[in-house]
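I have a structure I would like to understand better, so I am pasting it below and will then ask my questions one at a time.
The values are calculated or read from the model by the stated rules, or taken from the named source; none is laboratory data. Note that this is a predicted model, so its numbers are computed, not measured. All Cβ positions, glycine included, derive from the backbone under ideal geometry; neighbour counts span all protein chains shown.
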Amino acid sequence: MLGQMMDMPLLISSLIVHADRYHGDTEIVSRRAEGDIHRYTYHDAHQRARRLANALHGLGVQRGERVATLAWNGYRHMELYYAVSGGGAIMHTLNPRLPADQMSYIINHAEDRVLFFDLSFLPLVEVIASLCPAIKCWVLMSDRAHLPATTKIPGLLSYEDLIDSHSDDYDWPALDEKMASSLCYTSGTTGNPKGVLYSHRSTLLHTFAGCLPDGLNCAASDVILPVVPMFHVNAWGLPYMACMVGAKLVFPGPGLDGKSLHDLFETEKVTMSAGVPTVWLGLLAYVETNKLKFSSMRRTVIGGSACPPAMINIFQRKYNVHVVHAWGMTEMSPLGTVASFKPKHADWTEEQREALQGRQGRPLYGVDMKIVDDEGKTLPWDGKAFGNLLVKGHATLASYFKNDGGDPLQDGWFPTGDVANIDADGFMRMTDRSKDVIKSGGEWIGSIDLENIAMAHPAVAMAACIAAFHPKWDERPLLVVAKKPGAELTREQMLAFYEGKTAKWWIPDDVVFVDAIPLGATGKMLKTRLREQFKDHKLPTA
Ligand code: AMP
């Protein structure tokens, strides 16, 4: 017997319809690539998204075709999120930090038909335009006054002209909820990047779970500033979650430095934010140097790479900003686990609670996980045994776009490529990415733990731990450190800092100092580059 409830498909358009209807006067504030601040409401956003949906139709974009963006976080990008997916096409967010050859590979692989871009990316688009012949139309996300006199981009249109020439008389189509809605490519540190194709259904289920109190905890009373870019796994779903709950949104545009962010946090009374640890390092350094505070911010989500305990400590104790440590990946839409408390943790000491928050956390509803050894045997949840982390879920990938790489699943589970342990309460702790693990005499050493210890040293700005060749042990840890400006730190002082904080045989064999740790396109440390740089490093213990 079937249930007798209404059959309403889970569609992305329903989010903006809801936000307009019940939170129509709630603001969306953006720092634009043009340099000024723009503000309007959910009602305005919905109206312009409908005009844009008509405009896309006018450009000949068909259902299932890909529309690409090269854009910062801003209101026009948000309009595209809804107009493209809501109208039945596929929103493809490109990471502008990728090199031009990877970018053109991705555009051609995705067969993007139209490409929308922010003013800042004009020089980049002038380079890639001739490499992407399948793109029928290029649109500058600005007004006619900003249209450049370029001959390198054929038939360039302005976004505002495009919208102005269409009406908002548009009914969102009743699509099948399993239809594809958006596309993100993985960072692809080895081999070509692969596409992850989300559906309306997976996006909506991810949005519900993400809004939960033990998820990112979004509410209508929040003012949310996603620092995480809208080209990095849909800003972790925040542009959808904000609509679902009707929260005010603040988009930082290209201004991701400490001052620009802090100014927006204060002037717009931001209550929550989200980003990778490297962004928060910059913000904290600015706030520390200028002896500032966060007067409205209550919590921040930190993920994408391990959040160092020292960062949790300073945000919570010095600035009264609660840290929500989250783990996930592009293939999971991206949220997998969040480190949020259970009743039994209420009377734990602050140190114990912070240590728990240093774990990557427990799964949100809709995610299942397990750890297995190299033979695929399931390992116990005792907080000690560590192995390969496998996941499954409503918003987890089943196969890559165009089936690149064949079937990625193992008995129905997706192998994350991460190595982790899980404690009896289901809290996962990631010890490493499998390709970053250091294997010393056949035993694994977790580089994340070693980096976290180094990051707690007051002179360290950033630290990465990589494997260096050792004639006896095969590999031993080498610590690469970028010092804070003006700070003094010697190799011996750094190594002495490890005494008593980890097993003796885990302590790095050597320390090298660099001006800066190289970062990848999503702000994560590029260990591949460091391994290449230090491949001939002679350890003093060798
Ligand atoms: P991406 O798909 O580019 O976002 O990368 C996903 C990968 O980032 C994961 O498989 C992890 O290796 C890493 N990652 C994400 N969140 C965390 C976290 N909280 N701690 C450590 N690593 C993380």
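Rundown of residues vs (1) away from the ligand (no atom under 16 Å from the Cβ); (2) under 27 Å from Trp327 (Cβ atoms); (3) crowded, with 20+ Cβ neighbours inside 10 Å, yes/no style:
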| site | (1), (2), (3) |
| --- | --- |
| Gly446 | no, yes, yes |
| Pro477 | yes, yes, yes |
| Lys483 | yes, no, no |
| Asp509 | yes, no, no |
| Thr528 | no, yes, no |
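Looking at (1) within 16 Å of the ligand (Cβ to nearest atom); (2) over 14 Å from the mean Cα position of the chain (by Cα), can you tell me which one Thr349 breaks?
Failing condition for Thr349: (1).
Identify all residues within region 328-339 that are closer than 13 Å to Leu216 by Cβ and near the ligand (Cβ under 7 Å from one of its atoms); write none if there are none.
Residues satisfying the conditions are Gly328, Pro334.
Another question, then. Which one of these is in contact with a Gly (Cβ under 8 Å, 6 or more places away or on another chain), within 12 Å of the ligand (Cβ to nearest atom) and within 30 Å of Gly64 (Cβ to Cβ): Val367, Val419, Val391?
After ruling out the rest, the residue left standing is Val391.
In region 255-364, which strands (runs of 3 or more DSSP E) lie fully inside it and hold 3 or more residues that are of a type in the set (Gly, Ala, Ser)?
Counting at least 3 such residues, we get 272-275.
Let me confirm something: among Lys439, Lys472, which residue is modelled with pLDDT under 95 and assigned to a strand (DSSP E or B)? Let's see the steps before the verdict.
Values: Lys472 fails: assigned to a strand (DSSP E or B).
After applying the criteria, what remains is Lys439.
So, in region 288-303, how many residues would count as being under 19 Å from Glu350 (Cβ atoms) and within 11 Å of the ligand (Cβ to nearest atom)?
The qualifying residues number 1.
Quick check on region 276-287: of everything there that is of a type in the set (A, V, I, L, M, F, W, C) and away from the ligand (no atom under 16 Å from the Cβ), which residue is surrounded by the most Cβ atoms within 10 Å (Cβ to Cβ)?
Leu283
Another one. Starting from region 390-411, keep only residues that are more than 20 Å from Trp327 (Cα to Cα), then list their pairs with residues that are of a type in the set (Asp, Glu) and in a loop (DSSP other than H, G, I, E, B) whose Cβ atoms are within a distance under 7 Å, requiring at least 6 positions of separation or different chains.
Listed pairs, sorted by first residue: Ser399/Asp407.
Rundown of residues vs (1) within 15 Å of the ligand (Cβ to nearest atom); (2) crowded, with 24+ Cβ neighbours inside 10 Å; (3) touching a residue at least 60 places away in the same chain (Cβ under 8 Å); (4) closer than 20 Å to Ile314 by Cβ, yes/no style:
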position	(1), (2), (3), (4)
Thr431	yes, no, no, no
Ser434	yes, no, no, no
Val437	yes, no, no, no
Ser440	no, no, yes, no
Asn452	yes, no, yes, yes
Ala456	no, no, yes, yes
Ala461	no, no, yes, yes
Cys465	yes, yes, no, no
His470	no, no, yes, no
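Still on this structure, I have one more. Within region 420-436, which residues are in a helix (DSSP H, G or I) and of a type outside the set (Gly, Ala, Ser)?
Selection gives Lys435, Asp436.
Can we say Thr490 is of a type in the set (Val, Ile, Thr) and under 29 Å from His232 (Cα atoms)? Give the steps one after another, and end with the answer.
Numbers: of a type in the set (Val, Ile, Thr): yes; under 29 Å from His232 (Cα atoms): no.
Against the criterion (of a type in the set (Val, Ile, Thr) and under 29 Å from His232 (Cα atoms)), Thr490 does not qualify.
Conditions first: (1) of a type in the set (S, T, N, Q); (2) surrounded by 17 or more Cβ atoms within 10 Å (Cβ to Cβ); (3) at negative phi. Ser333 passes all but one, so which condition is the exception?
For Ser333, the failing item is (3).
Go through region 303-328 residue by residue and tally those that are touching a Phe, Trp or Tyr at 6+ places or on another chain (Cβ under 9 Å) and more than 19 Å from Pro239 (Cβ to Cβ).
Qualifying residue count, region 303-328: 9.
A further question follows. With the condition kept exactly as written, say whether any residue in region 23-30 is within 30 Å of Phe121 (Cβ to Cβ), among the acidic types (Asp, Glu) and more than 24 Å from the chain's Cα centre (by Cα).
Looking through region 23-30, none of the residues is within 30 Å of Phe121 (Cβ to Cβ), among the acidic types (Asp, Glu) and more than 24 Å from the chain's Cα centre (by Cα).
Just to check your reading of the model, which residue among Leu175, Leu156 is within 23 Å of Ser104 (Cβ to Cβ), away from the ligand (no atom under 16 Å from the Cβ) and at pLDDT 95 or above?
Testing whether each residue is within 23 Å of Ser104 (Cβ to Cβ), away from the ligand (no atom under 16 Å from the Cβ) and at pLDDT 95 or above leaves just Leu156.
I've got another one for you. What are the pairs, 6+ residues apart or on separate chains, where a residue within region 86-115 that is without any contact (Cβ under 8 Å) to a residue 40 or more places away in the chain has its Cβ under 7 Å from a residue that is surrounded by fewer than 24 Cβ atoms within 10 Å (Cβ to Cβ) and basic (Lys, Arg)?
Listed pairs, sorted by first residue: Ala89/Arg63.
Name the one entry in Leu119, Leu98, Leu140 that is buried (at least 16 other Cβ atoms within 10 Å of the Cβ) and out of contact with any helix residue (DSSP H, G or I) (no Cβ under 7 Å at 6 or more places or on another chain).
The match here is Leu98.
Looking at Glu34 and the list (1) of a type outside the set (S, T, N, Q); (2) modelled with pLDDT under 95; (3) not in a loop (DSSP other than H, G, I, E, B), which single condition is not satisfied?
Every condition holds for Glu34 apart from (3).
So Asp536 passes all but one of these: (1) over 22 Å from Asp257 (Cβ atoms); (2) in contact with a helix residue (DSSP H, G or I) (Cβ under 8 Å, 6 or more places away or on another chain); (3) assigned to a loop (DSSP other than H, G, I, E, B). Which condition number does it fail?
The number of the failed condition is (2).
Also, I was wondering about something else. Could you give every pair whose Cβ atoms fall below 6 Å, whose first residue belongs to region 304-321 and is away from the ligand (no atom under 11 Å from the Cβ), and whose second residue is among the small types (Gly, Ala, Ser), counting only separations of at least 6 or pairs across chains?
Pro309/Gly358; Ala310/Ala456
Looking only at region 394-416, count every residue that is assigned to a loop (DSSP other than H, G, I, E, B), away from the ligand (no atom under 14 Å from the Cβ) and under 22 Å from Thr337 (Cα atoms) and tell me the total.
Residues that pass the stated criteria total 6.
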